[in-house]
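Shown next, in structure tokens, is the structure this report addresses.
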Amino acid sequence: MKIVEKIDRQFLVCIMVAALLFGMAGMAFADDFDQVAQFSGRAAEQAADADAFDDEYAESENLIADPLKYWNMTWFYLNDGLYHGVFKPVATGYAWLVPAQPRTWISNFFTNMLFPVRFINNILTGKFDAAYMETSKFIVNTSIGFLGFGDVTAGRARNWEPERPTADGFGQTLGKAGVGHGFYLVWPFIGPSSVRESVGWVADAYCDPLTYGNLTFIEFAAIRVYKNVNTISLQLVGNEYEVLTEGAIDKYAAVRDAYIRYRAKKVAE
Amino acid sequence: MFSKRLIPSLFLLCLLAGSASAALANQTPMERIKAAASELIEILSDPDMQDPAKHDATISRLRATAEKYIDFRQVTMLSVGRPWLKMSQQVQSDLTEAFIQLLERTYLQRIPVYEGQDVEYTKQLISGKKAKVFTVIVDKDKKILVEFRLKIIQEQWMIYDVVAEGVSLVGNYRSQFAQVLNDGSPEELLKMIRERVEGLDKTEDDKDQVNS
């Protein structure tokens, strides 16, 4: 009996001490609470803001290494100047001179000619349905479409879409194999690239029938320039490059970010 | 006794929580995007759109609509990144306003290029207070994949980022702003955004002069 009483008393004391402590703690909390309440609107907003930074965009600040920044910037601004000062005005004049339909035929012709690049990379990345579709389009467009000027397969029922979009080059294939970009590179006339994409670009050139033509460098470059002008002439209003750079406070950084993200998306598909 | 009290209070809590999400359940993220798109298309197909005299009125209508669905404060905040937390309220609101003007000139004023492109809604993903809505915009023979990112702000799904072909608007601006904020002050960033807005207004005026 005595023991039970003793425990009871101890228990009571414990509870009292605990209650006292809680009470004091409560007062201390109340103090803090007052302070928070004084500028609760701002504090709550700041807390919510801090909450929003779950680092969804943290990688944007260091998306790719750019050790040759000044070299890259030089070529970037040269290319940008060429676009606005030469290519766009020439393409505008060309578009005024030549109706859209023939320009589309020419664009089709160049697209059709790059069939080997798409076919090989479709096979390499296991996109067999896309490889099949590319082959059938190539055969039909080259024959019935007169060397690819006409895209006779467009909009046809048999022209189903492959499960994953068709491959666009060896750079993409390398990316899929797990090869990283290395670092960012901008080439004069060619534009944004990276170590990996430059290797891809050279490999693709080997699959481009144009490089097998018996052409001098000047002829080859002229054809490339013409192809470029033709492409721009078909997208004179509100093209991606202009929207991106006109809205940018730092064109160079904007294009670098967009290029790397776009390539990442292509590698992922 | 404990559980007898607990159960009704839990029940009450569930009821309250239920009614809060009921307000949200009126519109799923995808429905929000669809509502925004149909409201924008309605303004764009209004014949007033083609009337140069009413150009400014149409633009402000577009902006008011955009602000109903896009939380520009979030867009700016996420584009700025962590330095935002150290900025004064004044700088934050100035930056937001300047950034809205920049986006308005870059994107809203371009929408008149709209020619009845089709929008396909592919799917939506919801995880907690965030959601993604995937769409495909079909423009002639081109398909553009556009992803909208939304979060719940004041009981509403609000857009805070648009990702086109893998390029995030917020991410793209973050990469530009980070550089400026690394080397300079928030005021410098503000100045640069305002200068860009002026630059865009100037080219817009030049175009008008050429056209008239």
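Looking at the stretch B:85-99, can you tell me whether even one residue there is assigned to a helix (DSSP H, G or I), among the basic types (Lys, Arg) and closer than 24 Å to A:GLU59 by Cβ?
Yes: one or more hits.
Could you check, for the stretch A:230-245, whether at least one of its residues is charged (D, E, K, R) and either in a loop (DSSP other than H, G, I, E, B) or at pLDDT 90 or above (or both)?
Within the stretch A:230-245, none of the residues are charged (D, E, K, R) and either in a loop (DSSP other than H, G, I, E, B) or at pLDDT 90 or above (or both).
Among the residues that make up the stretch A:220-229, is at least one of them of a type in the set (Gly, Ala, Ser), within 28 Å of A:MET73 (Cβ to Cβ) and within 13 Å of chain B (Cβ to nearest Cβ)?
Scanning the stretch A:220-229 turns up no residue that is of a type in the set (Gly, Ala, Ser), within 28 Å of A:MET73 (Cβ to Cβ) and within 13 Å of chain B (Cβ to nearest Cβ).
Picking from B:PHE177, B:PHE148, which residue would you name as being among the hydrophobic types (A, V, I, L, M, F, W, C) and more than 12 Å from chain A (Cβ to nearest Cβ)?
None of the other options fit; the residue is B:PHE148.
Consider A:ASP168 against the criteria (1) surrounded by fewer than 14 Cβ atoms within 10 Å (Cβ to Cβ); (2) in contact with a helix residue (DSSP H, G or I) (Cβ under 9 Å, 6 or more places away or on another chain); (3) acidic (Asp, Glu); (4) under 25 Å from A:ARG103 (Cβ atoms): it satisfies all of them except one. Which criterion is unmet?
(1) is the only condition that A:ASP168 fails.
Return the residues of the stretch A:230-240 that are under 15 Å from A:THR92 (Cβ atoms) and more than 7 Å from chain B (Cβ to nearest Cβ); say none if nothing qualifies.
Passing the criteria: A:ASN230, A:THR231, A:ILE232, A:SER233, A:LEU234, A:GLN235, A:LEU236, A:ASN239.
Quick one: B:ASN172 ticks every box in (1) within 12 Å of chain A (Cβ to nearest Cβ); (2) in a strand (DSSP E or B) bar one, so which box is it?
Result: B:ASN172 fails condition (2) only.
Does B:GLY128 count as surrounded by fewer than 16 Cβ atoms within 10 Å (Cβ to Cβ) and at positive phi?
Details: surrounded by fewer than 16 Cβ atoms within 10 Å (Cβ to Cβ): yes; at positive phi: yes.
When the stated conditions are applied, B:GLY128 passes them.
Checking the structure you have, find out if any residue of the stretch A:232-246 is touching a residue at least 24 places away in the same chain (Cβ under 8 Å) and farther than 19 Å from A:VAL86 by Cβ.
No, the stretch A:232-246 contains no residue that is touching a residue at least 24 places away in the same chain (Cβ under 8 Å) and farther than 19 Å from A:VAL86 by Cβ.
Considering only residues that are closer than 22 Å to B:ALA98 by Cα and charged (D, E, K, R), which ones fall in the stretch A:231-249?
Across the stretch A:231-249, the qualifying residues are A:GLU242, A:GLU246.
Residues checked against (1) more than 27 Å from A:GLY81 (Cα to Cα); (2) of a type in the set (S, T, N, Q):
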residue	(1), (2)
A:ALA167	yes, no
A:PHE170	yes, no
A:GLY175	yes, no
A:VAL186	no, no
A:PHE189	no, no
A:GLU197	no, no
A:THR211	yes, yes
A:ILE218	no, no
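Please determine whether any residue of the stretch A:129-142 is in a loop (DSSP other than H, G, I, E, B) and either surrounded by 13 or more Cβ atoms within 10 Å (Cβ to Cβ) or touching a Leu at 6+ places or on another chain (Cβ under 9 Å) (or both).
no
Please find, within the stretch A:246-265, the residue that is farthest from the other protein chains (Cβ to nearest Cβ) out of those that are over 14 Å from B:VAL163 (Cβ atoms) and surrounded by fewer than 19 Cβ atoms within 10 Å (Cβ to Cβ).
Ranking the candidates gives A:LYS251 first.
What is the number of the single condition among (1) away from chain A (no Cβ under 14 Å); (2) in a helix (DSSP H, G or I); (3) at pLDDT 75 or above that B:LEU15 does not meet?
(3)
Which one of these does A:GLY178 not meet: (1) surrounded by fewer than 20 Cβ atoms within 10 Å (Cβ to Cβ); (2) in contact with a helix residue (DSSP H, G or I) (Cβ under 9 Å, 6 or more places away or on another chain)?
The failed condition is (2).
Taking the conditions exactly as written (at pLDDT below 90 and more than 30 Å from A:ALA154 (Cβ to Cβ)), does A:GLU61 satisfy them or not?
Considered against the rule, which asks whether it is at pLDDT below 90 and more than 30 Å from A:ALA154 (Cβ to Cβ), A:GLU61 comes out as yes.
Name the single residue that is surrounded by the most Cβ atoms within 10 Å (Cβ to Cβ) among those in the stretch B:73-103 being among the small types (Gly, Ala, Ser) and more than 9 Å from chain A (Cβ to nearest Cβ).
Step by step, filter the stretch B:73-103, then rank; the result is B:ALA98.
From A:PHE87, A:PHE76, A:PHE109, grab the single residue that is at pLDDT 95 or above and of a type outside the set (S, T, N, Q).
A:PHE76
Tell me yes or no: at least one residue of the stretch A:191-203 is out of contact with any Gly (no Cβ under 7 Å at 6 or more places or on another chain), surrounded by fewer than 17 Cβ atoms within 10 Å (Cβ to Cβ), at negative phi and part of a loop (DSSP other than H, G, I, E, B).
no
A:ASN122: closer than 24 Å to A:ASP151 by Cβ, surrounded by 14 or more Cβ atoms within 10 Å (Cβ to Cβ) and away from every other protein chain (no Cβ under 14 Å), yes or no? Steps first, answer last, please.
Values: closer than 24 Å to A:ASP151 by Cβ: yes; surrounded by 14 or more Cβ atoms within 10 Å (Cβ to Cβ): yes; away from every other protein chain (no Cβ under 14 Å): yes.
Yes; evaluated as a whole, the condition is true for this residue.
Considering only residues that are free of Cβ contacts under 8 Å to residues at least 24 places away in the same chain and not in a helix (DSSP H, G or I), which ones fall in the stretch A:99-128?
Correct list: A:PRO99, A:GLY126.
Which residue out of B:SER79, B:SER60, B:SER88 is over 26 Å from B:LYS143 (Cα atoms) and under 13 Å from the mean Cα position of the chain (by Cα)?
B:SER79
Has the stretch A:219-229 got at least one residue that is more than 20 Å from A:THR111 (Cα to Cα), basic (Lys, Arg), surrounded by 15 or more Cβ atoms within 10 Å (Cβ to Cβ) and at pLDDT 90 or above?
Checked the stretch A:219-229: no residue is more than 20 Å from A:THR111 (Cα to Cα), basic (Lys, Arg), surrounded by 15 or more Cβ atoms within 10 Å (Cβ to Cβ) and at pLDDT 90 or above.
The values are calculated or read from the model by the stated rules, or taken from the named source; none is laboratory data. Here the structure is a predicted model, which means the values were calculated and not measured. Backbone-built Cβ (ideal geometry, glycine too); neighbour counts: all protein chains shown.
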